[in-house]
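*Asks:* Structure below; questions to follow.
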Amino acid sequence: MNLRSLVAGCGGYLPEHILTNDALAERLDTSDAWIRQRTGIGERRIAAKGELTSDLAARAAERALKQAGMSGSDVDLIVLATATPDETFPATAVKVQAEIGMKRGVAFDVQAVCSGFIFALAAADNALRLGQAGTALVIGAETFSRILDWNDRGTCVLFGDGAGALVLNAVRDRDGTADQRGVLSTHLHSDGRLHNILYVDGGPSSTGTAGFLRMEGREVFRQAVMHLSEVVEEALAANGLAASDIDWLVPHQANTRIIEAVGRKLGLPAERTIVTIERHANTSAASIPLALDEAAADGRIQRGQLVLMEALGGGLTWGAALVRW
Ligand code: UT7
């Protein structure tokens, strides 16, 4: 029997504390005008002291499960994408597993930084298609505020904390039916030669410290526009679709200028792109599920519509996923 992964619920969680551009400009040589013009960011959320990535993830997961009419005991797989785990080991996913009351199955992390949610979605979708699990939670959760150099205005203004989650159910595939709901395809790429343009300068095996995020912004920008345009075309071609068939583009939220450039290359009108960067900033692996949650909750994304997601992050890593909601 062929199986596919159906989206059963979606949830998001943002920490309470809001850090505005103006507040940042009080302690750094920057301005609200520069940050808005160059990135589209207006404010970001910052996790409270003692509030960990697993806490944000568990809140988002609980909301997604509630929407699906399920509880933790119904889940037999968690794939959690994060570059800011609670601890070096074990995986943050197993802490979430315990926190949501899931007593069976398996939970693990994937590490693909800002592309993490697409990588986690691919891993979960593949497991469901193979019958290795029946219900999966796919989570993107980050506390990037903890790995930022708050004296580096070139990076610290860009990121925020948050989490988002999707519940996927394995359902029977009706062979040959083109309009079926669920994950249609996922497309993953990486290129380790580009490590130095976006990385963290620490870790347990190198410095023994957590380190800080380092980025050559202009080069990452260039790579992002190029690879994201390629990978969305790849996703469309794999499904015999044109950009005009897509109802919603849900991009990773790194920079409005990147989002607009990819949309323009695709020929997709801006009204069909979900943009949350003004209020969330770049939440790395959490940005896509947070955007999905917002647009599904306010009624923009409707059941049966085609949703195209794309992301690029450190590694470099990049990918896309096409889902009929
Ligand atoms: O999610 C992972 C993927 N990450 C991304 O996709 C990020 C991609 N990169 C970007 O979004 C952009 O490159 C940035 C937003 C990071 C930077 O924008 P940019 O237009 O590429 O600016 P730049 O780095 O070329 O810097 C232009 C100027 C520089 O000053 P000079 O050398 O021209 O005098 C910077 O020092 O802007 C200065 N600058 C700032 N000024 C005020 C850099 N950061 C700031 C700041 N406030 N926060």
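*Asks:* How big is the gap, in Å, between the Cα center of segment 26-104 and the Cα center of segment 118-168?
*Replies:* The distance from the Cα centre of segment 26-104 to that of segment 118-168 comes to 7 Å.
*Asks:* Where does the chain land at 222 nm, in deg cm²/dmol rounded to the nearest 500, when only DSSP H runs of n ≥ 4 count, each adding -39500 (n - 2.57), divided by all residues?
*Replies:* Calculated mean residue ellipticity at 222 nm is -9500 deg cm²/dmol.
*Asks:* In debye, nearest 20: dipole of segment 3-172 around its Cα centre with unit charges on the Cβ of K, R (+) and D, E (-)?
*Replies:* About 620 debye.
*Asks:* Moving on. Work from the charge dipole of the chain (Cβ charges, +1 for Lys and Arg, -1 for Asp and Glu, about the Cα centre) and give the residue of GLN305, ALA60, GLY42 farthest towards its positive end.
*Replies:* GLN305
*Asks:* Determine the per residue accessible area of the chain with all protein chains present and a 1.4 angstrom probe, expressed in square angstrom.
*Replies:* Accessible surface, normalised per residue, equals 41 Å².
*Asks:* Per the 1.4 Å probe, what fraction of the accessible area of the chain, in percent, lies on carbon and sulfur atoms?
*Replies:* Answer for the chain: carbon and sulfur cover 50 percent of the accessible area.
*Asks:* What is the magnitude of the charge dipole of the chain about its Cα centre, with +1 placed on the Cβ of each Lys and Arg, -1 on the Cβ of each Asp and Glu, and no other charges, expressed in debye to the nearest 20?
*Replies:* My answer is approximately 400 debye.
*Asks:* Which residue, ALA270, ILE18, ALA123, has the largest displacement toward the positive end of the dipole of the chain when charges sit on each Cβ (Lys, Arg +1; Asp, Glu -1)?
*Replies:* Result: ALA123, furthest along the dipole toward the positive end.
*Asks:* Could you work out the local net charge near ARG63, counting Lys and Arg as +1, Asp and Glu as -1, over the other residues with Cβ closer than 14 Å to its Cβ?
*Replies:* Neighbourhood net charge equals -3.
*Asks:* Now for a different question. Would you mind pulling out the separation of the Cα centroids of segment 175-194 and segment 280-325, in Å?
*Replies:* So the separation of the two Cα centres works out to 13 Å.
*Asks:* How fast does the chain diffuse by Stokes-Einstein, in µm²/s, taking the Kirkwood radius from C-alpha pairs at 10 °C and 1.306 mPa s?
*Replies:* Translational D for this selection: 82 µm²/s.
*Asks:* Ok, one more. SER205 to ARG174: extension gain in nm, 0.36 nm per residue of separation minus the Cα-Cα distance?
*Replies:* 6.4 nm
*Asks:* Here's a follow-up. Quick one, could you list the DSSP H helices from the chain stretching 18 Å or more along their long axis (Cα atoms) with average Kyte-Doolittle hydropathy of 0.0 or above?
*Replies:* For the chain, where a helix must reach 18 Å along its axis and average at least 0.0, the hits are 116-129, 217-238.
*Asks:* What Kirkwood hydrodynamic radius do you get for segment 3-172 when you take the inverse of the mean 1/r over all pairs of distinct Cα atoms, in Å?
*Replies:* It works out to 16.6 Å.
*Asks:* Then there's this: So if R0 is 25 Å, what FRET efficiency would ASP152 and GLU234 give, r being the distance between their Cβ atoms, rounded to the nearest 0.05?
*Replies:* Step by step, r from the Cβ atoms, then E = 0.15.
*Asks:* Taking the chain as a Gaussian network, Cα atoms linked when under 10 Å apart, which of PRO90, PRO15, PRO204 shows the biggest mean-square fluctuation?
*Replies:* Among PRO90, PRO15, PRO204, the largest mean-square fluctuation in the Gaussian network model of the chain belongs to PRO204.
The values are calculated or read from the model by the stated rules, or taken from the named source; none is laboratory data. As the structure is a prediction and not an experimental result, all values here were calculated from the model. Methodologically, a virtual Cβ is constructed for each residue, glycine included, from the backbone with ideal geometry; neighbour enumeration extends over all protein chains shown. SASA here: full protein model, heavy atoms, side chains in, ligands and nucleic acids out. Shrake-Rupley method; radii C 1.70, N 1.55, O 1.52, S 1.80 Å.
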